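Colleague: Here's a structure for you.
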Amino acid sequence: MKRFPFYTLLLLLLVACKSTIPDLSYEPGDIFMHGVASGDPLADRVIIWTRITIPHADSSVAVQWEMARDAEFRIPVQQGNFNTTAERDFTVKVDVGELRPGGEYYYRFKAYGVYSPVGRTRTAPAGSVDSLRFAVVSCSNYEWGYFNAYSHIAKQPDLAAVIHLGDYIYEYGPGVYGDTTIGRIHEPPYEIITLADYRMRYGQYRRDPDLQEVHKNHPFISIWDDHEIANNAYMDGAQNHQPEEGDFQVRRNVAKQVYYEWMPVREGGPLYRKFDFGPLATLIMLDERLAGRTAPVPGPDDSGFSSKERSMLGEEQFQWLTSQLVRTRSTWKIIGNQVIFSRLNTGRENLNLNMDAWDGYPYEQARLAEMFSINQFDNLIMVTGDTHSSWVFESTLDPFGAYNAKTGEGALAIELGTTSINSANSNESNPDSLVMIHERLLLSEEVNPHLKYVNLRDHGYLLLSLSPTAARADFYFVKSLRQRNVEAGIEARFWVPAGEYHILKSPPQD
Ligand SMILES: [Fe+2]
């Protein structure tokens, strides 16, 4: 037998194993440039996520994952392997099961011999709990400033989850909706349309250190709104999709594929879905864009405006929502809702309704209100994104009818609108004084007696705390968008006593 010298053998071995040999010069940031994330917590399972930045073209990458009770991995609970490929953009998503309810867990990945950062996550409780805290967010536009609000949420202790109501990314090219002056310029530098475009855009957002930090520290429960696809999207089109950009269905499928690749959401069913947090809360996330939304109409004078054929949820999702609400025995029923449900009068002629919100889909809006009313659901709270502004409604479609603005009697639910993480609102294009006049107009009893708070100026997030006797809404606003500055404070706080649809400015008395 011919003998090879030792070094020749070693060389042959190295060539044969090229794709699995660890390169010790790699840092975690090289391999795991997009960080780690977790999401969709159930009582016994949670999704964990990462992405391999340095792929081996045309081959799969073997990734190990492990989960433990402690950040040092001295109390391991599970581990496994995941092979990722170019087909899924080298993302890694594992639905880790057989976990304990209400447990805090730590997880990490390993590829090419290098460990990822350690993520922290939490399963949903199954038994009774005294309290639950959720951060509620929407609308982060990379170009418009820093993700300071995400960083502030990352430091919040004991969150059950971050509820993301959509506009996690924006599809626009540089300067179209954002502002290029601070140098946070969208990649690729044009409106995203293709598979490669959408992947690159998510990749850019996920390199943001503040977004990485919040994903690393808390599980997310996410839903898309329109900008994950294109502005004002619905099932068959979008305001920001033109024929020369190709077939909308192709773009929509690409956007959905990349969302599932990059977001820690569970696969294998529709994106509208339900989460139980013991007997204290059920969270129902609705898809108000792609599951059943039909085309918008230009205004209330359009002949099709009130048509039964026009829908926001569609029949299947509507029936599903009804059955979930009827079935749940949880104290609080939280609905993750993308666009404002309550009737909103602007107080200005010819500008009375937002055609992209529920007011633009009056048939199904009324049907949903009727469903709430017939079933007399108690403790129903809608959390809403989309507007880049903060809102508190004693929700009704008939604010001048059988509704008492002093007691909340006649309201169907409470609706809490969260502002944007950093996407622009009225304040960025109008002087403060003018915006505050508009706020006062909206808040007046003659215009919106059911509206209890509005802020069209600030950015940040909503912290929703639930206990068996009350819900509390804390509106956190950041001090700065244009500088990286984590400072934020509570600018408004409201309570909702269990059993009433009434907003209080101080804690309810037992
Ligand atoms: Fe938005």
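The values are calculated or read from the model by the stated rules, or taken from the named source; none is laboratory data. Everything quoted here is computed from the prediction, not taken from an experiment. Here the Cβ is made from the backbone with ideal geometry for all residues, glycine too, and neighbour counts use every protein chain on show. Accessible surface is based on the protein model in full, side chains and every heavy atom, while ligands, DNA and RNA are left aside. Shrake-Rupley method; radii C 1.70, N 1.55, O 1.52, S 1.80 Å.
Colleague: Can you give the translational diffusion coefficient of the stretch 428-510 in µm²/s, computed by Stokes-Einstein from the Kirkwood radius over Cα pairs at 25 °C and 0.890 mPa s?
Modeller: Taking Rh from Cα pairs, D becomes 167 µm²/s.
Colleague: Using the alpha-carbon atoms, what tilt in degrees (0 to 90, nearest 10) does helix 248-262 show relative to the longest principal axis of the chain?
Modeller: 60
Colleague: Can you give the angle from 0 to 90° between the axis of helix 195-206 and the longest principal axis of the chain, with both taken from C-alpha atoms, to the nearest 10?
Modeller: Taking Cα atoms only, the helix is inclined about 80 degrees.
Colleague: Let me ask you something else. Counting heavy atoms of the protein chains only and a 1.4 Å probe, report the per residue accessible area for the chain as a whole number of Å².
Modeller: Per residue, the chain has an accessible area of 41 Å².
Colleague: Turning to a different aspect of this structure: Go ahead and run the numbers for FRET between residue 59 and residue 398, Cβ-Cβ distance against an R0 of 51 Å, rounding to 0.05.
Modeller: Using R0 = 51 Å, I get an efficiency of 0.25.
Colleague: Mind listing which trypsin sites (Lys or Arg not before Pro) in the stretch 193-279 are in a DSSP loop and have 12 or fewer other Cβ atoms within 10 Å?
Modeller: none
Colleague: State the percentage of accessible surface on the stretch 27-122 attributable to carbon and sulfur atoms; use a 1.4 Å probe and exclude ligands, DNA and RNA. The partial results should precede the final answer.
Modeller: Values: 1860 of 4040 Å².
Roughly 46 percent of what the probe reaches on the stretch 27-122 is carbon or sulfur.
Colleague: If I model the stretch 132-497 as equal point scatterers sitting on the Cα atoms and use the Debye formula, what is log10 I(q)/I(0) at q = 0.08, 0.12, 0.14 Å⁻¹?
Modeller: -0.36, -0.88, -1.26
Colleague: What are the residues whose amide H is under 5 Å from the amide H of residue 166, where those residues sit 5 or more places off or on another chain and H is modelled from the backbone?
Modeller: When sequence neighbours closer than 5 places are left aside, the close amide H contacts are 139, 223.
Colleague: Enter the per residue convex hull volume of the stretch 27-122, computed from alpha-carbon coordinates, in Å³ rounded to the nearest integer.
Modeller: Normalising the Cα hull of the stretch 27-122 by residue number yields 83 Å³.
Colleague: Report the antiparallel proportion of the DSSP beta bridges in the chain as a percent, rounded to a multiple of 5. Please list the in-between numbers first.
Modeller: Details: 67 of 91 bridges.
Rounded to the nearest five, the antiparallel share is 75 percent.
Colleague: Please work out how much length the chain gains when fully extended from residue 302 to residue 81, using 0.36 nm per residue of separation minus the C-alpha to C-alpha distance, in nm with one decimal.
Modeller: 74.0 nm
Colleague: What is the set of long-range amide H partners of residue 241 at a cut-off below 5 Å, with H atoms built 1.01 Å from backbone N?
Modeller: none
Colleague: Can you show me the helix-derived [θ] at 222 nm for the chain, built from DSSP H runs with n ≥ 4 at -39,500 (n - 2.57) apiece and divided by the number of residues, rounded to the nearest 500.
Modeller: Estimated from H runs of four or more residues: -6000 deg cm²/dmol.
Colleague: Would you please name the GluC sites (Glu not before Pro) within the stretch 324-383 that are DSSP coil residues with at most 13 other C-beta atoms within 10 Å of their C-beta?
Modeller: For GluC sites (Glu not before Pro) across the stretch 324-383 that sit outside H, G, I, E and B with at most 13 neighbouring Cβ atoms in 10 Å, the list reads 349.
Colleague: Using alpha carbons only, how many degrees (0 to 90, rounded to 10) separate the axis of helix 315-327 from the longest principal axis of the chain?
Modeller: With rounding to tens, the tilt is 80 degrees.
Colleague: Which of the residue pairs 155/505; 333/505; 110/274; 93/256; 155/274; 110/216 have a Cα-Cα distance greater than 23 Å in the structure shown?
Modeller: In this structure, 155/505; 110/274; 155/274 lie more than 23 Å apart at Cα.
Colleague: Next question. For the stretch 301-312, in order, what is each residue's ³J(HN,Hα) by Karplus, 6.51 cos²θ - 1.76 cosθ + 1.60 with θ = phi - 60°, in whole Hz (x at glycine and Pro)?
Modeller: Listing the rounded values in order: 7, 5, 5, x, 3, 9, 4, 5, 6, 8, 9, 9 Hz.
Colleague: What is the diffusion coefficient of the stretch 287-390 in µm²/s, taking the Kirkwood radius over Cα pairs and the Stokes-Einstein relation at 10 °C with a viscosity of 1.306 mPa s?
Modeller: In µm²/s, the coefficient rounds to 109.
Colleague: From the phi angles alone, apply the Karplus equation (6.51, -1.76, 1.60; θ = phi - 60°) to the stretch 409-424 and give each ³J(HN,Hα) in whole Hz, x where the residue is Gly or Pro.
Modeller: 4, x, 6, 9, 5, 9, 10, 10, x, 8, 6, 7, 4, 7, 5, 5
Colleague: Next up: Please give every one of the aspartates and glutamates within straight-line cross-link reach of residue 479, meaning a C-alpha to C-alpha distance under 12 Å, and leave out same-chain neighbours fewer than 8 residues apart.
Modeller: List returned: 458, 487, 491.
Colleague: Which of the GluC sites (Glu not before Pro) found in the stretch 132-208 are loop residues per DSSP with 15 or fewer other Cβ atoms within 10 Å of their Cβ?
Modeller: Passing sites in the stretch 132-208 do not exist.
Colleague: Let me ask another. Starting from the Cα-Cα distance between residue 274 and residue 176, subtract it from 0.36 nm times their residue separation and give me the gain in nm to one decimal.
Modeller: Values: separation 98, 0.36 × 98 = 35.28 nm, distance 3.55 nm.
Going from the current span to full extension adds 31.7 nm.
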